[in-house]
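J.: The structure is given below, and queries will be raised subsequently.
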Amino acid sequence: MADVEGLKIAKDYHVGVPFANQEGFYVKGANHLDWGMKKHLSNIFDPKSGNTVMFAFDHGYFMGSTAGLERLDLVIPKLLPNIDVLMGTRGALRTCVSPDCRKAVALRATSGSSMMNDDLSHEVLAVDIEEAVRMNADCLAIQTFIGADGQLSSLDNLSKAVNLGMRYSIPVMGVVAVGKQMERTPRFFKLATRILAELGANIIKTYYCDDFEEVVAACPVPIVVAGGKKLPEKDALTLAYNSIKGGAKGLDMGRNIFQSEHSVEMSAAIRKIVHEGFTDKEAYEFYEDAIHTK
Ligand code: 5RP
């Protein structure tokens, strides 16, 4: 391990320079992967836009029934036309989502936390790879806790998932958790996203931050941005627009869709930004028109 003394601060991100090792396949960092991995990644990322709209409804794995997700069976079906990927637990998928939905699946594969205690940073790799194959998962979502007590075990979970994912050609999405004791700074997100990519994650889910372009430039796999807490729709669309403009290859929104009074129209507006190049202003106008004509 390189000694940490005298580490020079990274600064040359060449933000405007496209990713060099890209010939042959459109998903960043995936051109040397095998056919099966590429097939799963093309189920997630649209070959035309290169981007994805993930709908996250996995909150129940540690939060129980969350506002807006009280009835998964009622919430999910109406959103299917506007989303590309279902980000959920095996329990939610099997009980509340029809297998003929023809959507990609980001399968929440770690668990062990609950809102009943403060330390949410200790999870296990709960879904085995055969279950992921049975679920026809397009990626395994693995929570990681960089800087928290659970850092080592979470990175062990990630590495185990990458080992299994490479064996069965199922991509791994490393999820960057942010908790009370973790900083939400460019420094943290550059560190966390790069660690997960270096450990073999094929997709990183993280949060938007200042200098986001540098986070993207330093990460050799695609980044998908989590929505975070519910914002006014206009602000959430600006977050989506800034994320895509900053180089994210998609959004993984939960609360900003299912806690919106007009979740269908909100998911449609997000889709306009992700796949049709809408600005946040255009998407908000679209959203406003849609809710006033329904
Ligand atoms: C919850 C998650 C969610 O997948 C992720 O945070 C996106 O949801 P939201 O947009 O509501 O933050 O990891 O455990």
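The values are calculated or read from the model by the stated rules, or taken from the named source; none is laboratory data. In this text the structure is predicted, and so the values were computed from the model without any measurement. Positions of Cβ are generated from backbone atoms using ideal geometry, with glycine treated the same way; all protein chains shown enter the neighbour counts. Just so you know, the surface numbers come from the protein's heavy atoms only, side chains and all, with ligands and any DNA or RNA stripped out. Shrake-Rupley method; radii C 1.70, N 1.55, O 1.52, S 1.80 Å.
J.: Compute the length gained on full extension between LYS39 and VAL4: take 0.36 nm times their separation in residues and subtract their Cα-Cα distance, giving the result in nm to one decimal.
T.: Contour length minus the Cα-Cα distance gives 8.6 nm.
J.: Still on this structure, I have one more. Just to confirm a number: summing +1 for Lys and Arg and -1 for Asp and Glu over residues other than MET63 whose beta-carbon lies under 13 angstrom from that of MET63, what do you get?
T.: In short, +1.
J.: List the extent of the Cα atoms of the range 111-267 along each of their three principal axes, largest first, rounded to whole Å.
T.: Extents along the principal axes: 41, 34, 34 Å.
J.: So, one more: Using only Cα atoms, figure out Rg for the range 1-42 and give it as a multiple of 2.2 N^0.38 Å. Provide the component values of the computation, followed by the final result.
T.: Values: Rg = 15.9 Å, N = 42, 2.2 N^0.38 = 9.1 Å.
Taking the Cα Rg and dividing by 2.2 N^0.38 Å, one obtains 1.75.
J.: Between the DSSP loop rule and a limit of at most 10 other Cβ atoms within 10 Å, which trypsin sites (Lys or Arg not before Pro) in the range 199-285 are left? Before the final figure, lay out each step's value.
T.: Working: sites: LYS205, LYS229, LYS230, LYS234, LYS245, LYS249, ARG255, ARG271, LYS272, LYS281; in loops: LYS229, LYS230, LYS249.
Passing sites in the range 199-285 are LYS229.
J.: Additional query: Using DSSP to call loops (not H, G, I, E or B), can you name the GluC sites (Glu not before Pro) in the range 216-294 whose Cβ has at most 12 other Cβ atoms within 10 angstrom? Could the numbers behind the result be given before it?
T.: Values: sites: GLU233, GLU261, GLU265, GLU276, GLU282, GLU285, GLU288; in loops: GLU261.
The qualifying sites are GLU261.
J.: Tally Lys/Arg at +1 and Asp/Glu at -1 over every other residue whose Cβ is under 9 Å from the Cβ of VAL264; what's the total?
T.: Residues near VAL264 contribute +1 overall.
J.: Within the set of other residues whose C-beta is less than 13 Å from the C-beta of ILE204, count the net charge using Lys and Arg as +1 and Asp and Glu as -1.
T.: Net charge in that neighbourhood comes out at +3.
J.: Sticking with this one: Do any trypsin sites (Lys or Arg not before Pro) in the range 41-94 lie in a DSSP loop with no more than 13 other beta carbon atoms within 10 Å, and if so, which?
T.: Passing sites in the range 41-94 are LYS48, ARG71.
J.: Kindly report the accessible area of the chain per residue (heavy atoms of protein chains, probe 1.4 Å, no ligands, DNA or RNA), in Å².
T.: On a per-residue basis, 48 Å².
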